[in-house]
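Data block below; observations after.
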Amino acid sequence: MTLHRAIPMTNVLKAPEPNNENLPQSPLLRFYRSPIGKKLISGATGLALAGFVLVHMVGNLLLFVGHDAYNAYAEHLASWGVLLYAVEGLLVGIALLHMAVGGSVFVGRLRARPQDYAQYESVGGTSYQSFSSRTMIITGAILAVFLGLHLWTFKFGPYYPTDLDGQPVRDLARLVVEVFHKLPYALGYSGVLLGLGFHLRHGVWSAVQSLGALHQGIRPIAYGLSALLAMAIALGFGALPWAIYGGLVG
Ligand code: HEM
């Protein structure tokens, strides 16, 4: 007869937990990992991206003026040469950092509170919880996927040559018009722009608040203004696909 000796399972299976806190960390990494650092990085990178999106939206409106105006604007940017590459590189870096922080805050929250609250109730004072704030990870993910497809369609899309004041340039206006004559593109862009609107609606307000620019008294005004800005950007972008599809711009 064999005798089995009881072995305490806890001692056998438990591997030592890695303790990152004891590892040497640079001040920058410590800042990135701290909750306040994440808020500040997310806010600053988010505002920089919102600034780009606003400028890009206004630039797109030039197609309402005409093909030449649109192509001239694109050509003017292209003439920046190395500086444009630097700005684009910076933009990619900012976008990646923004996504990394957003993703890590979301995962951190999931770990801390795996089950979402069934109801969102304010514990006193005005609650700034909204559909926008609760769907930031979803609208952010939609925008990330959209960006890849968007660059593929336009930036790395077909090169139609034309000339402007006797100079050979890329006919981006023709490409944009060609794309938005297709209903799936006009519809798809409208869906993404709705997501962009919601993302900016909470993002801009939250970023300004995180960066400390919101005095308690002006909060409701800032909250309203960020909604207005988000709507203006989404509608400003959205006008072009439907104007093209409807034959107003061509
Ligand atoms: C109707 C809506 C839009 C139109 C017609 C449009 C059009 C374009 C075009 C033609 C380009 C290529 C520019 C070039 O190669 O010189 C471009 C680039 C780009 N677009 Fe859009 N866009 C729209 C919406 C958006 C939105 C909503 C976002 C972001 C959320 C966005 C982000 C970008 C980025 C990051 C680039 C690359 C810029 C660069 O590399 O310089 N676009 N867009």
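The values are calculated or read from the model by the stated rules, or taken from the named source; none is laboratory data. Here the structure is a predicted model, which is why all the values come from computation and not from measurement. Note: ideal-geometry Cβ built from the backbone for every residue, glycine included; neighbour counts use all protein chains shown.
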Cβ pairs under 6 Å, 6+ apart, first in the range 68-85 and in a helix (DSSP H, G or I), second more than 9 Å from the ligand (Cβ to nearest atom) and of a type in the set (Val, Ile, Thr): Asn71/Val169; Glu75/Val169
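Sort out which residues of the range 69-88 are of a type in the set (A, V, I, L, M) and more than 9 Å from the ligand (Cβ to nearest atom), and write them in order of number. Steps first, please.
Filtering the range 69-88 for residues of a type in the set (A, V, I, L, M) gives 69, 72, 74, 77-78, 82-84, 86-87.
Within the range 69-88, Ala69, Ala72, Val82, Leu83, Ala86 meet the criteria.
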Pairing a residue in the range 217-233 that is modelled with pLDDT of 90 or more with any residue that is surrounded by 14 or more Cβ atoms within 10 Å (Cβ to Cβ) and not in a helix (DSSP H, G or I), where Cβ atoms lie under 7 Å and the two sit 6 or more apart in sequence or on different chains, gives Tyr223/Tyr128
Say whether the condition of being within 14 Å of the ligand (Cβ to nearest atom), assigned to a helix (DSSP H, G or I) and not basic (Lys, Arg) is met by at least one residue in the range 206-227. no
Verdict on Leu187 being in a helix (DSSP H, G or I) and within 11 Å of the ligand (Cβ to nearest atom): no
Of all the residues that make up the range 76-116, how many are modelled with pLDDT under 95, surrounded by 12 or more Cβ atoms within 10 Å (Cβ to Cβ) and β-branched (Val, Ile, Thr)? 1
Do any residues in the range 103-123 that are more than 21 Å from Gly43 (Cβ to Cβ) have Cβ atoms under 8 Å from those of residues that are surrounded by 12 or more Cβ atoms within 10 Å (Cβ to Cβ) and modelled with pLDDT of 65 or more, where the two are at least six apart or on different chains, and which pairs are they? Tyr120/Gln129; Tyr120/Arg134; Ser122/Gln129
For the range 167-182, check the following and say yes or no: at least one residue is loosely packed, with under 11 Cβ neighbours inside 10 Å, part of a helix (DSSP H, G or I) and not β-branched (Val, Ile, Thr). no
Mind checking whether some residue in the range 129-137 is closer than 26 Å to Leu91 by Cα and hydrophobic (A, V, I, L, M, F, W, C)? yes
